[in-house]
1. Please verify whether residue 42 is at pLDDT 90 or above, hydroxyl-bearing (Ser, Thr, Tyr) and surrounded by 11 or more Cβ atoms within 10 Å (Cβ to Cβ), treating the condition exactly as stated.
2. Going through segment 22-39 one residue at a time, which ones are over 22 Å from residue 52 (Cβ atoms) and either open to solvent by less than 80 Å² (accessible area, probe 1.4 Å) or in contact with a strand residue (DSSP E or B) (Cβ under 8 Å, 6 or more places away or on another chain) (or both)?
3. Looking at 68, 62, which one is open to solvent by 70 Å² or more (accessible area, probe 1.4 Å), free of Cβ contacts under 8 Å to residues at least 24 places away in the same chain and touching a helix residue (DSSP H, G or I) at 6+ places or on another chain (Cβ under 9 Å)?
4. Look through segment 45-71, keep the residues that are among the charged types (D, E, K, R) and assigned to a helix (DSSP H, G or I), and return whichever of them is modelled with the highest pLDDT.
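The values are calculated or read from the model by the stated rules, or taken from the named source; none is laboratory data. As the structure is a prediction and not an experimental result, all values here were calculated from the model. Please note: Cβ atoms are built from the backbone with ideal geometry, for glycine as well, and neighbour counts cover all protein chains shown. For accessibility, only protein heavy atoms count, side chains too; no ligands or nucleic acids. Shrake-Rupley method; radii C 1.70, N 1.55, O 1.52, S 1.80 Å.
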Amino acid sequence: MNPVPNSATPLKWSAVAFAVLWTGWMIWWSGSYDAVNIVILTICGSVVGYLWYRAMRWQFQRKGMLPRDVHPPGSAAK
């Protein structure tokens, strides 16, 4: 049985792709390949990806492209 994907699933995958590309670009742009720099930029990339997801989800909900409640029934978030 194949589960039906959530309507926000493509948005989540695009946020992951955005975070990976942003992190890679920042590492390349900084020119420093030290372990500390890579760890810090990876953490920042995760935060940027999450913030991008929240901003895009808000925009898509505002324009009616996503339903207002994207959480599955019975979840704690309402």
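1. In short, yes.
2. If the condition is that a residue be over 22 Å from residue 52 (Cβ atoms) and either open to solvent by less than 80 Å² (accessible area, probe 1.4 Å) or in contact with a strand residue (DSSP E or B) (Cβ under 8 Å, 6 or more places away or on another chain) (or both), then 31, 32, 35 are the ones that fit.
3. 68
4. 54
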